[in-house]
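Written below as structure tokens is the structure these notes are about.
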Amino acid sequence: MTPPDLSHVEEWVFDLDNTLYPIECEYMLLIEGRMTDFVMRQTRLDREAARALQKSYYHEHGTTLAGLMANHGVDPQAFLDEVHEVSMDRLTPDPDLRAAVERLPGRRLVFTNGGSRHAARVLRRLQLDDLFEAVFHLEAADFVPKPNRATYESLISRHGVDPRRAAFFEDSEKNLKPAFDLGMTTVMVGPKAEAATGDFVHYRTRHLTPFLNASRLRDAA
């Protein structure tokens, strides 16, 4: 099999949740449960109806929070502080992933629909925080989440990213489309990767670490 050719990439942009750690650890399930609690309290719906509304907002607005802000006037910071206050026991540092990320030539950034405190906690827990130059989080995006194109443009502008020399790694197919449109190389990560059908997905991989290790990089081109 021909190795992925990322020899043009000098700027490495990674989604955070379910990308820099495996979805199988089910860390996000804890957060989603807290989101359901929040929606129940906000709307006075029962749990099943609140869960359905939560998922509807996610699909329609990019995040549950964006839907709550648009329809219920929710304070975004209060929401983020509450739903991300979960145990981190399910997150385990992966030395092999750290080594794979560390060898990437150029700048490394995190681009997340999570808040700044959440991103800092997770990266620190994974022992990856020192490998990234910056985190572009929801606060930096004025709480406008992926896949809104303006949020990608804001990332590019704030951090001086050249899309033609950037690769974006993400577990959500829809979030790769704006990156592709702007000129980035796109990589879908995780169990849904092989089933991704969008022509805007350049590469697909079930596991991030072996993909990075197998890729042709600038210094090795």
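A few remarks follow.
- Filter result for Val144 (among the hydrophobic types (A, V, I, L, M, F, W, C), outside any strand (DSSP E or B), out of contact with any Lys or Arg (no Cβ under 7 Å at 6 or more places or on another chain) and touching a residue at least 40 places away in the same chain (Cβ under 8 Å)): yes
- As a summary of the residue check, Val13 satisfies the conditions (1) in contact with a strand residue (DSSP E or B) (Cβ under 7 Å, 6 or more places away or on another chain); (2) without any contact (Cβ under 8 Å) to a residue 40 or more places away in the chain; (3) aliphatic (A, V, I, L, M) except for the one numbered (2).
- Index of the failed condition, Thr36 passing every other in (1) β-branched (Val, Ile, Thr); (2) free of Cβ contacts under 8 Å to residues at least 24 places away in the same chain; (3) under 25 Å from Leu176 (Cα atoms): (3)
No lab work stands behind these numbers, since they all come straight from the coordinates. Computed from a predicted structure; not experimentally measured. A quick note on method: Cβ atoms are made from the backbone with ideal geometry, for glycine too, and the neighbour counts reach across all protein chains shown.
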